[in-house]
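K.L.:
The structure follows.
What follows draws every value from the coordinates through simple rules; no lab data is involved. These figures come from a predicted structure and were not determined experimentally. Backbone-built Cβ (ideal geometry, glycine too); neighbour counts: all protein chains shown.
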Amino acid sequence: MLEKKVCIIGAGSSGITATKALHEANIDFDCFEKGSNIGGNWLYNNDNGVSSAYHSLHINTSKQLMAFSDFPMPDDYPDYPGHQLIYTYFENYINHFGFRDKITFNTSVDKIEKLAANHYLVYTDKFPPKEYSDVFIANGHHWSIKMPEFPGNFSGEILHSHHYKTYHHFQDKKVLIVGIGNSAVDIAGELTTVSRSVTVSTRSGAHILPKYLFGVPTDHLSKPPLAFAPLSIQRLALKLSLFLNVGNQTNYGLPKPKRKLLGEHPTISQEFLNKVGHGKISIKPNIAKLDGNMVYFEDGTSSYFDVIIYCTGYKIEFPFLPKELFNVENNEMPLYEYTVDTQNPGLYHIGLIQPLGAVMPLAELQAVWIANIISGKTKLPTKEFMQKWITNNRNAMRKRFGNSTRHTLEVEFFPFMKKLKQLAKKA
């Protein structure tokens with residue numbers, strides 16, 4: 001019988017905290033990282049080839065909420081550190097807890113094959129296939145770009161925000177940004193300093209939340225007890241706070257969002273509204289068609305552009321998982337508590353969530369929970385119970401967010417943290 005042996009895929013923020021959890025639980029494991037260093041998405045120009053970090057990237061959640069539970073970020077870090085400081089923090093984290101030598105770098109996982117007794121054969125590009133009792137999938141989901149389709153063709157330059165790195169290439173160009181999520185408003189704000197014009201096209205608008213409300217990081221105001229209040233109370237409190245701090249965003253020139261506040265993932269920016277109000281960023285509705293360098297919008301207007309940057313999100317894909325083992329459709333993830341694959345015992349996803357807050361502390365708790373399951377300190381509920389949870393959760397998400405593929409991984413930060421702590425308790 002195979003002794004407990006775990007494979008961890010990825011050494012980004014979720015992979016390193018999974019590595020630490022198994023290391024401290026004395027569970028044997030291998031951690032494979034495609035690149036030559038840790039950091040994942042937070043390592044600028046990561047040689048794993050899939051990082052979406054741009055040079056000016058800063059976190060959108062405060063350092064206090066982003067930090068791992070037993071390793072706070074330094075006091076001299078700003079409230080919203082840049083990617084360089086976040087990467088340094090991850091380096092200090094693995095050095096402090098002493099598990100760097102547990103990670104195998106420059107090794108890509110190419111395929112996972114399910115064996116009898118729910119074991120898994122893992123193929124890499126460097127070593128012979130190896131059998132594992134459990135697999136932690138922690139390689140992230142911000143790498144397989146999603147591109148929209150519009151009638152016609154654009155003859156200028158096209159790129160996805162995933163490939164945006166610096167503003168230098170866009171000097172004196174007329175730029176159209178499609179989307180109004182966090183990457184879109186960050187890039188739009190930066191390009192106003194060098195581009196001839198910056199326009200943002202949005203289908204449904206978005207609620208823009210500043211990084212500070214009442215002089216403190218915005219996410220500090222969502223802590224318990226408010227975090228556990230009914231959605232209507234949370235919505236009312238946030239709506240009042242926004243009204244007192246920034247007023248009605250339509251007064252700046254933004255359209256009224258089609259979804260209710262907290263009915264979509266919020267867009268966080270301290271400067272976007274002001275730049276729209278100052279005329280440095282123009283707002284347009286959805287694209288109707290493309291023709292050469294001309295873009296026609298659904299309001300009947302048209303403009304010439306040199307570049308279109310699509311900030312349109314990502315598809316969730318796992319190229320190393322055969323479709324008969326795990327098939328993702330419309331970004332739907334049939335996972336118990338966003339973690340456990342009920343159809344394939346021993347397959348676990350770490351950090352595959354989109355919280356109203358930071359991923360890192362939640363991924364840490366996911367890893368501790370599963371480590372406790374593997375070591376026998378706690379148990380999973382029945383398969384029937386887990387499948388019922390998946391169905392009920394999917395229905396609840398559709399009721400709140402509609403059928404949007406953008407919100408299939410949405411979780412509430414503090415309630416999910418509380419639930420994971422309960423699940424991780426020893427039996």
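K.L.:
Could you list, in their original order, any pairs among Lys211/Lys399; Lys4/Lys111; Lys63/Lys256; Lys275/Lys399; Lys5/Lys63 whose Cα atoms are separated by more than 25 Å? All intermediate terms of the calculation are to be shown ahead of the outcome.
P.N.:
On the way: Lys211/Lys399 28 Å; Lys4/Lys111 20 Å; Lys63/Lys256 31 Å; Lys275/Lys399 34 Å; Lys5/Lys63 34 Å.
Where the Cα-Cα span goes over 25 Å, the pairs concerned are Lys211/Lys399; Lys63/Lys256; Lys275/Lys399; Lys5/Lys63.
K.L.:
Less than 19 Å apart at the alpha-carbon level, and either on another chain or at least 8 residues along: which aspartates and glutamates does that give for Lys114?
P.N.:
Qualifying aspartates and glutamates at Cα under 19 Å: Glu3, Asp30, Asp125, Glu131, Asp134, Glu317, Glu324, Asp341.
K.L.:
Using alpha carbons only, how many degrees (0 to 90, rounded to 10) separate the axis of helix 383-401 from the longest principal axis of the chain?
P.N.:
The angle comes out near 10 degrees.
K.L.:
Here's a follow-up. Enter the angle in degrees (range 0 to 90, nearest 10) between the Cα long axis of helix 182-191 and the first principal axis of the Cα atoms of the chain, meaning the one along which they spread out most.
P.N.:
For 182-191 against the chain, the angle is about 50 degrees.
K.L.:
Which lysines, if any, have their Cα less than 19 Å from the Cα of Lys425, not counting same-chain residues under 8 positions apart?
P.N.:
Lys20, Lys377, Lys379
K.L.:
Moving on. I'd like the distance separating the alpha-carbon centroids of the range 364-383 and the range 183-257, in whole Å.
P.N.:
Rounded to whole Å, the Cα centres lie 37 Å apart.
K.L.:
Another question, then. May I ask for the angle, rounded to the nearest 10°, between helix 83-97 and the longest principal axis of the chain, with both axes built from Cα atoms and the value confined to 0 to 90°?
P.N.:
Tilt relative to the chain: about 10 degrees.
K.L.:
Using packing as a proxy for protection, rank 282-289, 222-229 so that the peptide with the highest average count of other Cβ atoms within 10 Å comes first. Kindly include the intermediate steps, with their values, before the conclusion.
P.N.:
On the way: 282-289: 16.5, 222-229: 14.1.
The densest-packed peptide leads the list: 282-289, 222-229.
K.L.:
Next question, about the same structure. Could you please report the charge total around Arg196, scoring K, R as +1 and D, E as -1 over all other residues with beta-carbon less than 13 angstrom from its beta-carbon?
P.N.:
Numbers: positive: Lys173, Lys174, Lys280; negative: Asp172, Asp306.
Combined, the nearby Lys, Arg, Asp and Glu give +1.
K.L.:
With both bridge residues required to lie in the range 1-156, what share of the DSSP beta bridges run antiparallel, to the nearest 5%? Can you show the working numbers first?
P.N.:
Details: 10 of 20 bridges.
Antiparallel: roughly 50 percent of the beta bridges in the range 1-156.
K.L.:
Mind checking the range 120-165 for GluC sites (Glu not before Pro) that DSSP puts in a loop (not H, G, I, E or B) and that have at most 13 other Cβ atoms within 10 Å?
P.N.:
Details: sites: Glu131, Glu149, Glu157; in loops: Glu149.
Answer in residue order: Glu149.
K.L.:
Identify, among Pro257, Phe243, Asn274, the residue whose Cα sits farthest towards the positive end of the charge dipole of the range 231-278, taking +1 on the Cβ of Lys and Arg and -1 on the Cβ of Asp and Glu, with the dipole about the Cα centre.
P.N.:
Of the candidates, Pro257 comes out farthest on the positive side.
K.L.:
Treating cross-link reach as a plain straight distance, find the lysines whose alpha-carbon is under 21 Å from the alpha-carbon of Lys146, omitting any fewer than eight places away in the same chain.
P.N.:
Lys165, Lys284, Lys289, Lys315, Lys323
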